[in-house]
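What follows is a short report on a single structure.
The values are calculated or read from the model by the stated rules, or taken from the named source; none is laboratory data. Note that the structure is a prediction, hence the values are computed from the model and not measured. Neighbour counts run over all protein chains shown; Cβ positions are idealised from the backbone, glycine included.
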Amino acid sequence: MATHAASVEARIIAMINDESARQKLEPAPNLYHAMIMFISGIIARRVLANAGVPDYVPYASRHNQLTHVERSAFERRAALLGRKVSFDQALYDLVRDAR
């Protein structure tokens, strides 16, 4: 998966760590991995629904890969996808809420 490419992974982890430091929070354990699993699942679900497969359940949901707190934080962010929220604000909120 492209999201596991070292250059992509390192950059996203650095953004999470930097935002955590700005908020004076310890980075949530495994937030990067939870992020790519949740986002990939949302994208797959939307693409498959548009292709006539409306009942796809993402891997992370099917196999309980996210904690309740992580799932809630990501679902709040997903609800905002249709709105104009800056990346910086979304990352701020995610780092704050995924604890």
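Some points to look at:
- Search result, residues across segment 1-55 that are surrounded by fewer than 15 Cβ atoms within 10 Å (Cβ to Cβ) and either aromatic (F, W, Y) or at pLDDT below 85 (or both): M1, A2, T3, H4, A5, A6, S7, V8
- For the condition exposed (fewer than 11 other Cβ atoms within 10 Å of the Cβ) and among the small types (G, A, S), S86 qualifies.
- Flag for R99 being out of contact with any Ser or Thr (no Cβ under 8 Å at 6 or more places or on another chain), of a type in the set (K, R), surrounded by 12 or more Cβ atoms within 10 Å (Cβ to Cβ) and not in a loop (DSSP other than H, G, I, E, B): no
- Index of the failed condition, E70 passing every other in (1) assigned to a helix (DSSP H, G or I); (2) at pLDDT 90 or above; (3) surrounded by 13 or more Cβ atoms within 10 Å (Cβ to Cβ): (2)
- Among residues of segment 57-76 that are free of Cβ contacts under 8 Å to residues at least 60 places away in the same chain and at negative phi, those with a Cβ under 8 angstrom from a residue that is surrounded by fewer than 19 Cβ atoms within 10 Å (Cβ to Cβ) and assigned to a loop (DSSP other than H, G, I, E, B), sequence gap 6+ or separate chain, pair up as Y59/Q65; V69/R99.
- The criterion of being surrounded by 14 or more Cβ atoms within 10 Å (Cβ to Cβ), touching a residue at least 60 places away in the same chain (Cβ under 8 Å) and under 21 Å from V8 (Cβ atoms) holds for Y92.
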